[in-house]
1. Pick from 174, 16, 85 the residue whose mean-square fluctuation is largest in a GNM of the chain, springs joining Cα atoms under 10 Å.
2. Springs between alpha-carbon atoms under 10 Å, Gaussian network over the chain: tell me which of 139, 75, 17 tops the mean-square fluctuations.
3. Put a dot 7 Å past each Cα toward the Cβ at residue 75 and residue 161; how far apart are the dots in nm?
4. Which helices, taking whole DSSP H runs in the chain, have alpha carbons extending 20 angstrom or more along the helix axis plus mean Kyte-Doolittle at least -1.0?
5. Excluding residues fewer than 8 places away in the same chain, name every one of the aspartates and glutamates whose C-alpha is closer than 16 Å to that of residue 111.
6. GNM on the chain, C-alpha springs below 10 Å: top fluctuator among 19, 43, 94?
7. Compute and list, largest first, the equivalent-ellipsoid semi-axes of the range 34-141 from the alpha carbon gyration tensor, each √(5λ) rounded to a whole angstrom.
8. Of the listed pairs 26/171; 94/166; 26/166; 45/135; 26/160, which have alpha-carbon separations greater than 26 Å here?
Amino acid sequence: MAKRRKVSKLFKYKPVSVKDLLVEMKDISELMVDLAYSSILFKNKEIAEDVTELETRMDELNYRIRITAMLAARSVEDAERISAVLQFASASEKISNAAGDLSNIILRDMKIHPVIYEALEDAEERIEKYEVSTKSKLSHMTLKKAELGSKIGTYIIAVKRGESIKYNPSKGFVIKDGDILIARGSTTGLEILKGICTGVRTKW
């Protein structure tokens, strides 16, 4: 299980919109799951360590949303409405904790049974990584212009450039040759992306 931290001693409360907190918790928990599976699939400790860092961020968000909720309650009716918000936040944190447990498989150098890799490869949605060649039409193109999600149903969850990794890149992110795209999608979509990255496919 993920180790619990005394967040009140680590973070200071700052007023912020509950909606913004919930959106960030949702986005981070989804990203953590993808990255946790990626760390196992690619046996990558760097990605696993980043999952741990994101788990700390989730602890901070959960702390802030609990404080904000308590300050907002003025009546029984308020408390009843806020309880659903706290349930959402708690569930999101549980997802992030589970992702942390998955990444610990890599961080602790645990022996991984082959059936785990078979399960990840046979899943309806898979995660793969492809290097962008100099011949690829993706080179020097923004993710927005590439429209990979709407056209081939694949989503770039991270980009490795040199020694650094950019997680959850924005639509304005510019792809460069040599980048390694970590993508999530169907088998068909990922095969198309592979062709695009290698330069074999010029249209999609």
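A short reminder: the numbers here are calculations on the coordinates, not readings from a lab. Keep in mind it's a predicted model, so treat the numbers as computed, not measured. Note: ideal-geometry Cβ built from the backbone for every residue, glycine included; neighbour counts use all protein chains shown.
1. It is 16.
2. Ranking 139, 75, 17 by mean-square fluctuation puts 75 first.
3. 5.2 nm
4. Taking the DSSP H segments of the chain (at least 20 Å long, mean hydropathy at least -1.0), we get 18-41, 45-72, 76-107.
5. 101
6. Top of the fluctuation ranking is 19.
7. The three semi-axes for the range 34-141 are 37, 19, 14 Å.
8. 45/135
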